[in-house]
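The values are calculated or read from the model by the stated rules, or taken from the named source; none is laboratory data. None of the values given here were measured: they were computed from a predicted structure. Positions of Cβ are generated from backbone atoms using ideal geometry, with glycine treated the same way; all protein chains shown enter the neighbour counts.
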């Protein structure tokens with residue numbers, strides 16, 4: 001079924017412009033988490049493949065613009081479009097994917113059109129918040145959760161509830177499932193930036209803090225440190241870290257329990273996600289949550 | 001009525017994010033050609049103001065991304081967002097305006113949603129073509145017209161036919177009107193780059209050829225030159241021009257009739273635009289065409 005999604009995306013972009021297609025073929029296709037989710041929730045619906053293609057095009061567009069905004073040179077271990085070509089090209093290809101996705105989206109029912117397009121607006125605001133919060137140390141947990149909700153969870157929430165609508169399932173329950181899955185996904189992503197290595201991640205490790213991003217483990221860590229350690233941590237903010245400094249952060253993260261506390265919160269969100277769709281008892285959707293939380297990259 | 005459009009746009013963006021609103025307030029608001037067109041075609045429709053706000057948000061988003069792509073530092077005489085802030089911010093604000101516009105668009109009838117979103121896809125492809133064609137001398141008239149249709153005319157075409165639908169007027173006729181208006185508009189823009197001065201334009205004059213853009217007057221000029229003058233012109237392609245070279249281009253453009261021929265084509269398109277909507281005999285829409293062709297900036 002994922003193959004069908006891939007070939008539909010290919011067909012959509014081929015229909016827009018041959019050069020855009022050539023550029024698109026250079027993008028690493030990623031985990032296709034959102035497409036898999038739709039296909040699992042709405043496996044019997046004819047429209048599921050189409051919705052999956054639309055949502056994956058939106059996600060791909062957002063990553064292209066993300067990489068321009070973050071000036072990232074790699075994405076999933078391969079060079080990003082703004083590295084192989086330039087940021088112009090990444091902006092243009094992103095716009096093409098976004099707008100073609102909206103065009104195809106317009107054939108769905110108004111609930112789905114509004115849900116997904118509202119999610120994209122929030123997603124763009126989430127990116128703006130992420131950048132704004134990177135200007136200085138941001139230790140407010142509420143702001144962190146609002147930002148990751150917009151940046152990551154809202155599109156998964158909209159995706160899951162739209163798929164539920166296609167399948168005649170409980171829209172609200174699947175919305176909660178998607179939202180919690182998205183939040184947990186982002187928290188694990190932020191944990192892996194600290195605990196995993198560059199090779200596994202396909203991008204530099206310990207990059208968030210250097211880029212000014214105070215993610216949940218850093219918020220927890222800061223709160224647990226004594227005054228002199230707080231000062232050390234502050235001095236490392238936005239700094240190119242040497243090996244000793246990297247070790248210091250990694251060991252403080254473990255010692256203080258900041259990593260464990262973050263993972264436990266992700267697990268709790270995952271558990272609540274499953275609770276929301278309990279009446280459906282889907283082993284497949286349980287597996288999605290588990291794989292996502294236990295992943296290493 | 002334009003005031004109502006402005007305040008609705010303000011309300012939409014305020015509803016999305018306060019920081020985005022602050023950024024938005026720094027953008028020069030431009031001629032609002034598209035909004036005026038909608039209000040003139042569908043003056044009696046309650047939805048006209050809303051459609052105008054949506055289309056102007058899309059247009060503003062496309063200009064923000066345009067300026068990133070063209071690395072333009074001024075827009076309508078004021079510094080562009082990518083100059084006052086950075087290109088990241090321009091990409092993010094553009095994404096917010098695009099997605100909020102799509103969200104509000106989704107409340108319209110499916111004809112309008114599809115017409116406008118298809119236009120945005122073509123608009124993005126038009127920008128890609130514009131950049132691709134700037135890599136080397138592009139002397140093919142058909143390619144030029146296809147590019148300006150996508151870059152400029154298609155959104156005006158979609159706007160005019162959508163407004164006609166709201167007003168219960170002839171959709172096809174107003175589509176032709178909008179398409180021709182858009183093509184003529186872009187041709188005049190390309191002429192003014194050569195004949196007008198930087199102060200009037202609010203951006204550097206004679207910039208297109210330097211940026212690699214072979215616009216219609218250059219295509220006409222090249223074809224009319226003898227071999228030695230062709231060689232001179234080729235040497236000036238993508239070059240920072242000194243005063244003598246600027247004078248040479250300007251005088252050859254006049255001598256060869258390339259400017260006049262371009263203006264005459266724009267007039268012809270304007271005439272055909274009016275012919276298409278003849279049965280409505282709208283003095284207002286005649287004025288739009290005239291002002292657009294006779295403008296100096």
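With the structure loaded, tell me whether residue B:266 is part of a helix (DSSP H, G or I) and in the same structural domain as residue B:153 (by TED's automatic domain parsing) or whether it fails that test. The answer is yes for residue B:266. Inside the stretch B:126-138, residues that are facing chain A (nearest Cβ under 7 Å) and either at pLDDT 95 or above or touching a strand residue (DSSP E or B) at 6+ places or on another chain (Cβ under 6 Å) (or both) make up a count of 0. Out of the residues in the stretch B:278-297 that are free of Cβ contacts under 8 Å to residues at least 12 places away in the same chain and in a helix (DSSP H, G or I), state the one that is farthest from residue B:197 (Cα to Cα). Checking each candidate, the answer is B:278.
Could you look through the stretch B:72-87, keep only residues that are crowded, with 20+ Cβ neighbours inside 10 Å and free of Cβ contacts under 8 Å to residues at least 40 places away in the same chain, and pick out the one that is nearest to residue A:130 (Cα to Cα)? The extreme case among them is B:87. If only residues of the stretch B:139-152 that are within 14 Å of chain A (Cβ to nearest Cβ) and over 14 Å from residue A:92 (Cβ atoms) are counted, the one that is farthest from the chain's Cα centre (by Cα) is B:143. Note on the stretch A:29-66: residues that are out of contact with any helix residue (DSSP H, G or I) (no Cβ under 7 Å at 6 or more places or on another chain) and under 21 Å from residue B:69 (Cα atoms) amount to 1.
Residue-by-condition table, conditions (1) within 30 Å of residue B:280 (Cβ to Cβ); (2) crowded, with 18+ Cβ neighbours inside 10 Å:
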| position | (1), (2) |
| --- | --- |
| B:5 | yes, yes |
| B:12 | no, yes |
| B:19 | no, no |
| B:25 | no, no |
| B:34 | yes, yes |
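Of the residues B:96, B:69, B:116, the single one that is crowded, with 21+ Cβ neighbours inside 10 Å, touching a helix residue (DSSP H, G or I) at 6+ places or on another chain (Cβ under 8 Å), more than 19 Å from residue A:125 (Cβ to Cβ) and at the interface with chain A (Cβ under 7 Å from one of its Cβ atoms) is B:69. The single residue among B:245, B:255, B:240, B:275 that is under 24 Å from residue B:34 (Cα atoms) and without any contact (Cβ under 8 Å) to a residue 40 or more places away in the chain turns out to be B:275. Flag set for residue A:105, criterion: modelled with pLDDT of 95 or more, within 26 Å of residue A:162 (Cβ to Cβ) and within 14 Å of another protein chain (Cβ to nearest Cβ).
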